[in-house]
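Here's the structure, in structure tokens; my notes come after.
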Amino acid sequence: MANSEVDLASLLCSKICHDLLSPVGALNNGLELLDGETDPVMRDRCMDLLADSARASADKLKYFRLAFGAAGGFGDNVDPAEARQLIESLIGDSGKISLGWALQGEALPKKAIKILLNLALIAKETLVRGGRLDVGAEQGDLGIEVVVRAEGEKIALDEGIRTALDGTIAPADLSARTAAAWMTRELALKNGGDLRISPPSATELLLGAIVTA
């Protein structure tokens, strides 16, 4: 239940902890394996596991810092290249998901970048069998227009997240799973904009938001 900013912060903290559990757990497992391993080849593999897990943990923390937090290391405007780097780290280099990027070169307001990152994270997580993630933003007549599109063999969007995005979720039903989507919609609305989501589709999801400059 999220009836206050404190409740929302608690739910977001729960989501961050949940998403970091896997890479941090892998770090712990790697250290345990390394402690009892004497074979040089296996020790090298353990070190590779530790390096991958540390990188994944750091990448997620950087992403969450800007997407959810105050991101004090950034100014009021953020270079889109920063957002692209974060999204690329989230996607990884497995080739399962390809990224299409259509953003203007100039810096965008931090609030627009936060919405973009959150929508990209939501869309990326729907691509359960891989596919393509397209991200775009530009200055329109009404403000900053952000568009994120996911296309793949199967789109799996949690119904709770959909209702959080379209504004029909009951406050009492908010959870760690839906808090980020609800926060993203509220961020758009409180900055004079709106957030839209396409109708359910098995192969495509389109998310759009407007933030007044």
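May I ask you to give the solvent-accessible area per residue for region 48-148, in square angstrom, as obtained with a 1.4 angstrom probe? Value returned for region 48-148: 46 Å² of accessible area per residue.
Using the Cα atoms as the points, what is the convex hull volume per residue of region 136-213 in Å³?
On the way: hull volume 6.8 nm³, N = 78.
Cα convex hull per residue, to the nearest whole number: 88 Å³.
How much length is gained on full extension from Arg55 to Glu5, taking 0.36 nm per residue of separation minus their Cα-Cα distance? Don't jump to the answer; show the numbers that get you there.
Details: separation 50, 0.36 × 50 = 18.00 nm, distance 3.08 nm.
That pair, Arg55 and Glu5, stretches by 14.9 nm at full extension.
Principal-axis analysis of the Cα atoms of the chain puts helix 80-91 at an angle of about 50° to the longest axis.
Amide H contacts of Gly193: Thr212, each under 5 Å away and 5 or more positions distant or on a separate chain (H built 1.01 Å from N in the peptide plane; Pro and chain starts excluded).
Share of region 19-156's accessible area from carbon and sulfur, percent, 1.4 Å?
Numbers: 3590 of 7170 Å².
Here carbon and sulfur together make up 50 percent of the probe-accessible area.
With N the number of residues in the chain, Rg(Cα) / (2.2 N^0.38 Å) evaluates to 1.09. Using 0.36 nm per residue and subtracting the Cα-Cα separation, the extra length available between Arg196 and Arg84 on full extension is 38.1 nm. Counted residue by residue at 0.36 nm each, then reduced by the alpha carbon distance between them, the extension gain from Leu99 to Ala172 reaches 22.7 nm.
Taking the longest Cα principal axis of the chain as reference, the axis of helix 179-190 is set at about 30 degrees. The angle between the Cα long axis of helix 40-67 and the longest principal axis of the Cα atoms of the chain comes to about 20 degrees, rounded to the nearest 10.
The values are calculated or read from the model by the stated rules, or taken from the named source; none is laboratory data. Computed from a prediction, not measured in an experiment: that's the story for all the values here. With ligands, DNA and RNA removed, areas are computed over all heavy atoms of the protein, side chains included. Shrake-Rupley method; radii C 1.70, N 1.55, O 1.52, S 1.80 Å.
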